[in-house]
Amino acid sequence: MGTTIVGALFVNHEILIANVGDSRAYVLNNDELKQITSDHSLVNDLVRTGQIEVQDAQSHPQRNILTNALGVVSNLKVDIFTITKADKILLCSDGLSGYVSKDVMRDVLNSEDSIETMLSKLIKAANDAGGYDNTTVIIIDLGGTFSE
């Protein structure tokens, strides 16, 4: 059994995002939520190679099969992304991204709620949608725009 990870490291005027598996990082800029990471999963590979459509990935019977995870592969691949501009960063496990739409995540992050309330709303949305997986959520509010 392996595990996934996503993390953020602040270095000077950049934020480095690293991921392994299907835990994700999203960046909110000017009310737009963009997924930064790419899932290391069989279904994502099928989408990327055109074998299935994006809308079919969510319900695909093999959507939980990872192609890269900590503790199970001999040649671990860590993706690294650099961010120089962001209003908020959302780091989450597939317990959130697998159950809550990007639109709902964006709306919650765009609200005037406190970080604690945003976290509660996102976890509640995942649980209300079935919540069959562990849900981990981190919100980094950069207090406006982080840029060089």
Considering only DSSP beta bridges where both residues belong to the range 9-148, give the percentage that are antiparallel (nearest 5). 100
Give, to the nearest whole percent, the P(r) tail of the range 39-134 beyond 22 angstrom, counting all Cα pairs. 43
With every protein chain in place, the chain: carbon and sulfur % of accessible area (1.4 Å): 48
Under the 7 Å Cα-to-Cβ spin-label approximation, GLU53 and PHE81 lie apart by a distance in nanometres of 2.5
Enumerate by residue number the GluC sites (Glu not before Pro) in the range 22-126 meeting two conditions: DSSP loop (anything except H, G, I, E, B), and at most 13 other Cβ atoms within 10 Å of the site's Cβ. GLU53, GLU112
Give the lysines reachable from LYS121 as a straight Cα distance under 21 Å; neighbours fewer than 8 places away on the same chain don't count. LYS34, LYS88, LYS102
Solvent-accessible area per residue for the chain (1.4 angstrom probe, square angstrom): 57
Can you tell me, using C-alpha contacts under 8 Å and at least 6 residues apart, the relative contact order of the chain as a whole percent? 28
Within the range 29-109, report the trypsin sites (Lys or Arg not before Pro) that DSSP leaves as loop and that have at most 16 other Cβ atoms within 10 Å. LYS77, LYS85
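The values are calculated or read from the model by the stated rules, or taken from the named source; none is laboratory data. Bear in mind that the values here come from a model prediction, so they are computed numbers and not experimental data. Cβ sites come from the backbone with ideal geometry, for glycine too, and all protein chains shown count toward neighbours. SASA here: full protein model, heavy atoms, side chains in, ligands and nucleic acids out. Shrake-Rupley method; radii C 1.70, N 1.55, O 1.52, S 1.80 Å.
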